[in-house]
Amino acid sequence: MVRDGDGALGYDPDAVRAKYLAERDKRLVAGRADIRDLTSDQQFARYREDPFTPVTARDPVADDVDVVIVGGGIAGVLAGAHLRKAGVERIRILDQAGGIGGTWYWNRYPGVMCDVESYVYLPMLEELDYIPTERYASGEEIRLHLQAIADRFDLGSDALFHTGVTRAEWDEEAARWRIRTDRDDEVTCRYYVLAVGILNLMKLPAIPGMEQFAGGSFHTARWDYEYTGGGPGEPLSELGDKVVGLIGTGATGIQCLPALAAAAEHVYVFQRTPSAIGVRGNRSTEPSFAEDVQPGWQQARMDNFQAVMLGKAVDEDLTDDGWTQHYAAVHHPPRTEGMTLEEYLRGGEDLDYGIMEEHRQRVDDLVRDPATAAILKPYYRYLCKRPCFHDEYLQAFNSPNVTLVDCPGGMERVTEQGPIIDGQQYEVDCLIYGTGFEAELTPLFRRAGHDIVGRGGATLAGKWADGAASLFGMMSRGFPNLFVMPAPGQQAVVTVNYTQLAVLGAEFIGGAVGLLDRRGVTVFDVAADAEERWTQKIVDSFVDGSRVMSACTPSRINNEGHPEAMNPRNGNYGRGFGDYFEYRELLGQWLERGDAEGLELEGT
Ligand code: NDP
């Protein structure tokens, strides 16, 4: 904390606020969030193609199974594993990807790794008797681990990859979901599970003229190793005579820069907003790790991480990294008895300022050119943007072949040669879009990418047009025998470690299907009053954070500068991030009671 000798703050809060607002205003420009809609834009359709696995011809499938799961990422694999444990035999995973992995299937850019500690992020470590090799695992290690879970629970043999669902419709008479795909399949199933992911839709910005660019170009979620050479963890062997433009300096952009800097003739990094880059501190897992842990260790470690993130007291912070030291701290500033709200908010601001000063100082410590360092310093509150962690990114700007280009207002246009910024043409051979994904706020029905048609022809898109309505964030009235994996902003809770939420959702779905089977239920639907009560609970606990968030540089966290437009129905169970532990308790009790409270049942 920055305080001088007599305890007074060593900074002028008004000046800092003014600086933060000025930096915000530079970025609040019209059209900043405009995108090419890759779900419908044919001109840019090639950006979605799978560069990793060739699409092979196959005959359409027509059959009936117990469960169809859309999505073979963490959520889908865990749902499949827990459904197997509940005794479900015929499970079909459908995915547009060419294999298991979800985000870890698609994101294979050089340097990809998970920012959340591997010991809590990789699921089912104890069951698979696996210890990650590093504190922060590479994308490839995570993908292979998810594949191993899929193999263990035999989820691959009936999976249909390179297959997109085009429509899912409840057939009342047959009491089945009828699923149609872009490979002309027609699969019916008793239960339909949406595990479509959260940040699953690539965001390609709409920059005037980008279609005219004559060089190579791709999004980081479809890295073109044919163009760059190499592979994940291998040098990019084809870039030696290439000038590369990297657009985007979020969690992805910062991870792939060091490999680009090491290989390309030159790299221009086009930065709209600098990320706060904290210490990574990756290291190999100690050989003694496996010997030191006791049964149940992973759940305990996940709970410890989650408790710290929720500001709960713990004996020891087992993860002890930037998430727990900084992100948790700014979301839960100390509150002592008798403190007024104003004092509490000021305390939070001071704490945040101290953390951001550390990050700005780190830039000065690591980047030699003061002009470049000045542009790399983040001026906003730490809670404004998803934090980043890296130990080689900032140093890459010391290489003579890396140039940082400041473009807070974005790019004017792209020509055949490359971007134009402030009237200057940057000539590049290749443009790499590290521009991220449509935000968590993107409604489920859009992320799912197909019409979900329930009773009486009603669509989920229609029902949720003004916000979600559900029981537990996982079931919705009028859509019988449908489960949705819980997600942030969808009437469940937020966990920084997404795996922990996916585990909870998967355990619930497996448990619920087991329970319904034991009771001989053929069809369930959510009772109207149960859905109303749950939705009202979500609305009642909504915290309007727009006072703080409107002062942030725009990002997906503050709805691109419009936090006031957040819909309370798309909130969480409990205040803020929601109360994960209470939510888990409630789901556990529901399963334990076994009375399927809140559901209307047929077949019993
Ligand atoms: P982000 O949305 O975080 O970043 C996108 C970047 O592209 C930002 O720097 C953004 O600038 C910039 N950008 C977007 N549009 C334009 C434009 N029109 N012109 C110029 N720049 C533009 O995407 P990421 O892929 O980096 O990360 C997305 C999320 O995925 C992360 O927040 C994280 O949740 C997850 N992730 C996790 C990783 C991990 O665990 N290691 C790794 C990678 C991703 P601006 O900031 O101004 O909007």
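The values are calculated or read from the model by the stated rules, or taken from the named source; none is laboratory data. This one's a predicted model, so the numbers in the text were calculated from it and none came from an experiment. Cβ placement follows ideal geometry from the backbone for every residue including glycine, while neighbour counts extend to all protein chains displayed.
Before we move on, is residue 63 in contact with a helix residue (DSSP H, G or I) (Cβ under 8 Å, 6 or more places away or on another chain), over 23 Å from residue 488 (Cα atoms) and either part of a strand (DSSP E or B) or touching a residue at least 40 places away in the same chain (Cβ under 8 Å) (or both)? So residue 63 does not fit the description; no. Scanning segment 298-318 for residues that are surrounded by fewer than 16 Cβ atoms within 10 Å (Cβ to Cβ) and either in a loop (DSSP other than H, G, I, E, B) or among the hydrophobic types (A, V, I, L, M, F, W, C) (or both) yields 300, 311, 312, 313, 314, 315, 316, 317. Might you check whether a residue that is more than 16 Å from the ligand (Cβ to nearest atom) and surrounded by 15 or more Cβ atoms within 10 Å (Cβ to Cβ) occurs anywhere in segment 24-43? For segment 24-43, residues more than 16 Å from the ligand (Cβ to nearest atom) and surrounded by 15 or more Cβ atoms within 10 Å (Cβ to Cβ): absent.
You will find that of 226, 286, the residue that is at pLDDT 95 or above, among the acidic types (Asp, Glu), assigned to a loop (DSSP other than H, G, I, E, B) and surrounded by fewer than 21 Cβ atoms within 10 Å (Cβ to Cβ) is 286 and no other.
Residues that are in contact (Cβ under 8 Å) with a residue 60 or more places away in the chain, of a type in the set (Val, Ile, Thr) and either within 14 Å of the ligand (Cβ to nearest atom) or over 22 Å from residue 375 (Cα atoms) (or both) are absent from segment 259-267.
Residues in segment 384-427 that are within 14 Å of the ligand (Cβ to nearest atom), assigned to a strand (DSSP E or B), hydrophobic (A, V, I, L, M, F, W, C) and within 16 Å of residue 267 (Cβ to Cβ): 404, 405, 421. Exactly one residue out of 79, 97 is closer than 19 Å to residue 201 by Cβ, at pLDDT 95 or above and not in a strand (DSSP E or B), and it is 97. Taking only segment 548-557 into account, find how many residues are at pLDDT 90 or above and either more than 16 Å from the ligand (Cβ to nearest atom) or within 19 Å of residue 348 (Cα to Cα) (or both). Of the residues in segment 548-557, 6 are at pLDDT 90 or above and either more than 16 Å from the ligand (Cβ to nearest atom) or within 19 Å of residue 348 (Cα to Cα) (or both). Would segment 187-207 turn up any residue that is under 22 Å from residue 98 (Cβ atoms) and in contact with a His (Cβ under 7 Å, 6 or more places away or on another chain)? Yes: one or more hits.
Of the residues making up segment 490-501, one or more are on the phi > 0 side of the Ramachandran plot and either free of Cβ contacts under 8 Å to residues at least 40 places away in the same chain or polar (S, T, N, Q) (or both).
Of the residues that make up segment 560-573, is at least one under 29 Å from residue 103 (Cβ atoms), free of Cβ contacts under 8 Å to residues at least 24 places away in the same chain, touching a helix residue (DSSP H, G or I) at 6+ places or on another chain (Cβ under 8 Å) and within 16 Å of the ligand (Cβ to nearest atom)? Don't jump to the end; show me each part of the working.
We begin by selecting, within segment 560-573, every residue under 29 Å from residue 103 (Cβ atoms); these are 560-563, 565-573.
Cutting the leftovers down to free of Cβ contacts under 8 Å to residues at least 24 places away in the same chain gives us 562-563, 565.
Still in the list and also touching a helix residue (DSSP H, G or I) at 6+ places or on another chain (Cβ under 8 Å): 563.
In the following step, the residues that additionally are within 16 Å of the ligand (Cβ to nearest atom) were identified as 563.
Yes; the residues of segment 560-573 include at least one that is under 29 Å from residue 103 (Cβ atoms), free of Cβ contacts under 8 Å to residues at least 24 places away in the same chain, touching a helix residue (DSSP H, G or I) at 6+ places or on another chain (Cβ under 8 Å) and within 16 Å of the ligand (Cβ to nearest atom).
Listed by first and then second residue, the pairs linking a residue in segment 375-387 that is at positive phi to a residue that is more than 14 Å from the ligand (Cβ to nearest atom) and at pLDDT below 95, with Cβ atoms under 9 Å apart and 6 or more places separating them unless they lie on different chains, form an empty list. Of all residues in segment 85-96, those satisfying the criterion of being surrounded by 22 or more Cβ atoms within 10 Å (Cβ to Cβ) and hydrophobic (A, V, I, L, M, F, W, C) are 91, 93, 94. The sole residue among 228, 220 that is touching a residue at least 12 places away in the same chain (Cβ under 8 Å), under 27 Å from the mean Cα position of the chain (by Cα) and either within 11 Å of the ligand (Cβ to nearest atom) or under 29 Å from residue 494 (Cα atoms) (or both) is 220.
Each residue in segment 268-289 was checked for being within 15 Å of the ligand (Cβ to nearest atom) and charged (D, E, K, R), and 2 pass. Return yes when residue 109 is in a loop (DSSP other than H, G, I, E, B), over 23 Å from the mean Cα position of the chain (by Cα), among the hydroxyl-bearing types (Ser, Thr, Tyr) and surrounded by 14 or more Cβ atoms within 10 Å (Cβ to Cβ) and no when it is not. Here the answer is no, as residue 109 does not meet what is asked. Going by what's in this entry, would residue 518 be described as out of contact with any Lys or Arg (no Cβ under 6 Å at 6 or more places or on another chain) and under 30 Å from residue 307 (Cβ atoms)? Criteria not met by residue 518. For segment 575-594, the candidate set comprises residues that are out of contact with any Lys or Arg (no Cβ under 9 Å at 6 or more places or on another chain) and not in a helix (DSSP H, G or I); within that set, the residue that is nearest to the ligand (Cβ to nearest atom) is 577.
When we screen 314, 243 for residues that are modelled with pLDDT of 95 or more, more than 16 Å from the ligand (Cβ to nearest atom) and in contact with a strand residue (DSSP E or B) (Cβ under 6 Å, 6 or more places away or on another chain), the only hit is 243. Please go through segment 252-283 and pick out each residue that is surrounded by fewer than 20 Cβ atoms within 10 Å (Cβ to Cβ) and aliphatic (A, V, I, L, M). Those that are surrounded by fewer than 20 Cβ atoms within 10 Å (Cβ to Cβ) and aliphatic (A, V, I, L, M): 262, 279.
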